[in-house]
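The structure appears below as structure tokens.
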Amino acid sequence: MSTLDVRADLFPAPLDPAPADAPFDFDVAIVGLGYVGLPTALAHHASGARVLALDASSRRLRTIAARGADLIDSDRERLDVALHAPGDFRLTGDVRELGRAAAIVVCVPTPVDDRQVPDLVPLRTACATVVAAARPGQLIMLTSTTYVGCTHDLIEQPLRDRGMQIGRDVFVTFSAERIDPGNVGFAQEVVPRVVGGATPECEEEGARLLSRYAARVHRVSSLATAEMTKLLENTFRAVNIALANEFADICGALEVPVTEVIEAASTKPYGFMAFYPGPGVGGHCIPCDPHYLLWQLRALHVDAGLITEAMTRIAARPRRVVERIRDVLGKAGKGTLGARVLVVGVTYKPDVADLRESPALEIIDLLIDLGAEVQYVDTHAAHIHLGSGRERDSLADPAAFRPDVVLVHTRHHDSDLAWLDIDTVVVDGTYRSADIAGRVLL
């Protein structure tokens, strides 16, 4: 049975730190067991690797050990296997054990604060911990999306300052994660990984680690190239989502069905990629990652007007949703003050329990600030904490709430909307709920 170092009375004591010349007991250590780190640890374990899975939160470790983590079915099955593995999958909160792993992969969050400024505290802390624990022969890989040059600043240079020769004593690489939470169509094994190294030897070691489970590894010439690749990927998505939202507004003004337009444009076999409008953008990637690039460019006095405008539009989308709800209420002869608004689905995307950066949380707060009585229903989120400090529980009987307007924000596959009254005004924030009679679009 795997071990967990969070309750001394229930679990074995942590292992002693490894001597500098000791062989490695684990093939890879994963630092950070969130939406990226835990599936990464499970993918490595499924490939046959001995895995040390580390997280600073004892609560998170207990959740994983109790099989309560939000995972797709295939990863849940992998977790069951790992938790019964005879010593080759170890959950721990003890950073001293990092010296027992041949490779260390850093998978901690890289959020932004309320002013859209990168919050590097979790990453700096994790990297400093890894650098302090590093010993000769190890590979250290950063996967967290961050600014260009971060791997050098937080890992490579501090290791050099310790007197280690990069590419000989220790190997430093960057390979951004490409996990799409809740998406069962793209397993980690089939999604190519991009890797860059501080030296050619580092690149080789990084590619070797990833090749254990990834079907394809694409090598690039430097750490910076690999870091910029991930920033381009998510900035590309942000700009196109902002464009799709703008086209939705344009089509609404011209009374043209935007989803039909997108589907028609998608028949072109080249030069077009479909992006759909919605009530906003959530999750850890799109609302945050481009700001790491913009933050760095501002310091260099480099103009990025298009990206800046796209991120401004994305940040403003929840307010646009609120204005649309006010408009719909007004047409029904009601004001926002005292209106009963029900939000269907508050997670940032369907079929996950992830509330990070979900536009629904801001939308609910804004509506409450305007005097509306707001409740929600979500099969994947029983309780929410809003940015204002308010809290809400998912309604057990949404029909009993008797809403004046319903906002369909996120529609899970197991969402049952049979309770909707045919006369209820429904604002379809997904743009893809054509089965709801009488809906209006954002």
**Complete:** Restricting attention to region 277-307, the residues that are in a loop (DSSP other than H, G, I, E, B), in contact (Cβ under 8 Å) with a residue 12 or more places away in the chain and among the aliphatic types (A, V, I, L, M) number exactly 2
**Request:** Can you confirm whether region 250-258 contains a residue that is at pLDDT 95 or above and at positive phi?
**Result:** yes
**Complete:** The strands (runs of 3 or more DSSP E) lying wholly within region 29-117 that contain at least 1 residues that are free of Cβ contacts under 8 Å to residues at least 40 places away in the same chain are 51-54
**Request:** Can you tell me which residue among Pro290, Pro277 is closer than 26 Å to Leu420 by Cα and either touching a Ser or Thr at 6+ places or on another chain (Cβ under 9 Å) or charged (D, E, K, R) (or both)?
**Result:** Pro277
**Prompt:** From the list Ala339, Ala418, Ala396, Ala437, which residue is small (Gly, Ala, Ser), in contact with a strand residue (DSSP E or B) (Cβ under 8 Å, 6 or more places away or on another chain) and farther than 26 Å from Gly185 by Cβ?
**Reply:** Ala339
**Fill in**
Only one of Arg392, Arg356 is of a type in the set (Lys, Arg), surrounded by 13 or more Cβ atoms within 10 Å (Cβ to Cβ) and either within 21 Å of His284 (Cβ to Cβ) or assigned by TED's automatic domain parsing to the domain that holds Asp114 (or both), namely Arg356
**Asked** Taking region 23-58, which residues are buried (at least 21 other Cβ atoms within 10 Å of the Cβ) and among the aromatic types (Phe, Trp, Tyr)?
**Response** Phe26, Tyr35
**Asked** Within region 245-276, can you find the residues that are touching a Lys or Arg at 6+ places or on another chain (Cβ under 9 Å) and part of a loop (DSSP other than H, G, I, E, B)?
**Response** Phe275, Tyr276
**Sole exception among (1) farther than 28 Å from Ile72 by Cβ; (2) at pLDDT below 95; (3) surrounded by 13 or more Cβ atoms within 10 Å (Cβ to Cβ) for Gly333, by number** = (3)
**Complete:** Checked against (1) modelled with pLDDT under 95; (2) assigned to a helix (DSSP H, G or I); (3) not hydroxyl-bearing (Ser, Thr, Tyr), Ala400 satisfies every condition except (1)
**Asked** Just a yes or no: is a residue in region 417-440 within 30 Å of Arg76 (Cβ to Cβ), surrounded by fewer than 17 Cβ atoms within 10 Å (Cβ to Cβ) and under 22 Å from the mean Cα position of the chain (by Cα)?
**Response** no
**Complete:** Scanning region 154-194 for residues that are within 20 Å of the chain's Cα centre (by Cα) and aliphatic (A, V, I, L, M) gives Ala176, Ile179, Val184, Ala187, Val190, Val191, Val194
**Asked** Does region 85-103 contain any residue that is out of contact with any His (no Cβ under 8 Å at 6 or more places or on another chain) and under 24 Å from Thr225 (Cβ atoms)?
**Response** yes
**Request:** Look at Val130 and say whether it is β-branched (Val, Ile, Thr), within 22 Å of the chain's Cα centre (by Cα), closer than 17 Å to Leu33 by Cβ and assigned by TED's automatic domain parsing to the domain that holds His45.
**Result:** no
**Item:** One residue from Val328, Val352, Val322 being under 15 Å from Leu367 (Cα atoms) and either touching a residue at least 60 places away in the same chain (Cβ under 8 Å) or small (Gly, Ala, Ser) (or both)
**Value:** Val328
**Prompt:** Any chance region 205-214 includes a residue that's polar (S, T, N, Q), farther than 23 Å from Ala360 by Cα and modelled with pLDDT of 95 or more?
**Reply:** yes
**Prompt:** Would it be correct to say that Ala396 is within 26 Å of Gly438 (Cβ to Cβ) and without any contact (Cβ under 8 Å) to a residue 24 or more places away in the chain?
**Reply:** yes
**Prompt:** Any idea which residue in region 340-353 is farthest from Asp327 (Cα to Cα), counting only those that are in contact with a Lys or Arg (Cβ under 8 Å, 6 or more places away or on another chain) and crowded, with 17+ Cβ neighbours inside 10 Å?
**Reply:** Tyr348
**Request:** Show the residue pairs that are 6+ apart or on different chains and have beta-carbon atoms under 8 Å apart, the first residue being within region 196-208 and among the aliphatic types (A, V, I, L, M), the second being buried (at least 24 other Cβ atoms within 10 Å of the Cβ) and at pLDDT 95 or above.
**Result:** Ala198/Thr151; Ala198/Glu156; Ala198/Phe171; Ala198/Val172; Ala198/Thr173; Ala198/Leu223; Ala207/Val195
**Request:** Return the total of residues in region 141-197 being surrounded by fewer than 22 Cβ atoms within 10 Å (Cβ to Cβ), modelled with pLDDT of 95 or more and basic (Lys, Arg).
**Result:** 3
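The values are calculated or read from the model by the stated rules, or taken from the named source; none is laboratory data. Since the structure is predicted, the reported quantities are computational estimates derived from the model, not experimental observations. Positions of Cβ are backbone-derived with ideal geometry, glycine not excepted, and every protein chain shown enters the neighbour counts.
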